[in-house]
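Written out below as structure tokens is the structure these notes cover.
The values are calculated or read from the model by the stated rules, or taken from the named source; none is laboratory data. Only a predicted model underlies this, so the values are computations on that prediction, with no experimental measurement involved. Cβ placement follows ideal geometry from the backbone for every residue including glycine, while neighbour counts extend to all protein chains displayed. Accessible surface is based on the protein model in full, side chains and every heavy atom, while ligands, DNA and RNA are left aside. Shrake-Rupley method; radii C 1.70, N 1.55, O 1.52, S 1.80 Å.
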Amino acid sequence: PISSVGRTGPQCEFVCPSPAPTPVPVVTTGTIKGIVTVGPGCGIQTDPPTPECGPHPYQTTVSFTNSVGVVSTAITNANGQYSITLKKGSYTMRAKGGDRYPACPEETIVVESGKTTTKDISCDSGIL
């Protein structure tokens, strides 16, 4: 470090400037994660319900849009799980369904800097 001479008293002493503060990185992104499911799996529900009739993981693409258009996409794995890092802001997200079924709703999500938000999506199989 470069020192400077400063007068601090009758005996002229050297005074070193304070070190520059370490810059703190600014986090401008957050993470959205969740599970996409489709259900029901059976037309006739039993009591108690059978596991094969409940919601199942859905492998699909989840798109994230804002006022500009599609910003990014995430692909779910075999367990229906997805995770994506986006810039902070408000997004509309939608899991891709079929022509008619499965029908997946649009969801609004807010990405907060440095935070992880969980948002699961339930798609309708069309089975009554």
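A few points about this structure:
- The apolar share of the surface of the range 28-108, taken as the fraction of accessible area on carbon and sulfur atoms (1.4 Å probe, ligands and nucleic acids excluded), comes to 52 percent.
- Solvent exposure of the chain as accessible area per residue, Å², 1.4 Å probe: 69 Å²
- Solvent-accessible ranking of Asp124, Asp99, Asp47, largest area first, probe 1.4 Å: Asp99, Asp47, Asp124
- Virtual paramagnetic centre 7 Å along Cα→Cβ of Thr28, amide N under 15 Å, in the range 53-89: 86-89
- Given the alternatives (1) 57; (2) 46; (3) 49, percent of Cα pairs over 21 Å apart as computed for this entry is given by (1).
- Residue list for the range 53-84, given a label point 7 angstrom along the Cα-to-Cβ vector of Cys42 and an amide N cut-off under 15 Å: 53-56
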